[in-house]
Amino acid sequence: MANTKSAKKMIRKIARRSLVNKIRRTRMRTSIRKLEKAIELGDKKQAAEALQMAQSDIMRSAQKGILHMRAAARKISRLHKRFNKLA
């Protein structure tokens with residue numbers, strides 16, 4: 001347990017940051033699921049929109065430090081590959 005005032009403040013800051021990161025991670029995963037569902041249904045127009053949103057959310061997560069930049073690039077690449085098979 002934290003004893004100093006600064007350590008207690010850091011615990012509060014970490015809790016807030018963790019909550020924000022959780023929200024961002026959830027948003028990213030939801031957009032990926034929407035894309036996968038659109039690809040599964042074979043709806044190219046909906047999949048294109050979902051791909052754009054997923055790519056945006058993934059890159060935003062990487063920029064905020066939730067995801068490593070190369071992991072983000074790999075995810076985007078694999079999603080594009082699956083989308084291109086649809087076309």
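The values are calculated or read from the model by the stated rules, or taken from the named source; none is laboratory data. For clarity, every value in this text was computed on a predicted model and none was experimentally measured. Counting neighbours? That spans all protein chains shown, and the Cβs are built from the backbone with ideal geometry, glycine included. Side chains are part of the model used for accessible areas, which takes the heavy atoms of the whole protein and leaves out ligands, DNA and RNA. Shrake-Rupley method; radii C 1.70, N 1.55, O 1.52, S 1.80 Å.
Which angle between 0 and 90 degrees, to the nearest 10, do you get for helix 5-41 versus the longest principal axis of the chain when only C-alpha atoms count?
10 degrees
First compute the accessible area of segment 1-73 with a 1.4 Å probe, then give the percent of it belonging to carbon and sulfur atoms. Before the final figure, lay out each step's value.
On the way: 3010 of 5620 Å².
Accessible surface attributable to carbon and sulfur in segment 1-73 totals 54 percent.
In nm, what is the difference between 0.36 nm times the number of residues separating R16 and Q52 and their Cα-Cα distance? Show your work: numbers first, answer last.
Values: separation 36, 0.36 × 36 = 12.96 nm, distance 2.86 nm.
The span from R16 to Q52 would gain 10.1 nm if fully extended.
Please give the calculated 222 nm ellipticity per residue for the chain, where each DSSP H segment of at least 4 residues contributes -39500 (n - 2.57) and the sum is spread over every residue; nearest 500 deg cm²/dmol?
Working: 3 runs with 75 residues, N = 87.
The helix contribution divided over the chain gives -30500 deg cm²/dmol.
Considering the zone a paramagnetic label at K81 would reach in this model (a point 7 Å from Cα along the Cα-to-Cβ line), which residues of segment 17-34 have amide N under 19 Å from it?
What the label zone holds, given the 19 Å backbone N cut-off, is 32-33.
For the chain, what's the relative contact order in percent, using C-alpha pairs closer than 8 Å and at least 6 residues apart? Could the numbers behind the result be given before it?
Numbers: 52 pairs, mean separation 22.5, N = 87.
Relative contact order here is 26 percent.
What is the magnitude of the charge dipole of the chain about its Cα centre, with +1 placed on the Cβ of each Lys and Arg, -1 on the Cβ of each Asp and Glu, and no other charges, expressed in debye to the nearest 20?
Numbers: 26 positive and 5 negative charges, 124 e Å.
In total the dipole reaches around 600 debye.
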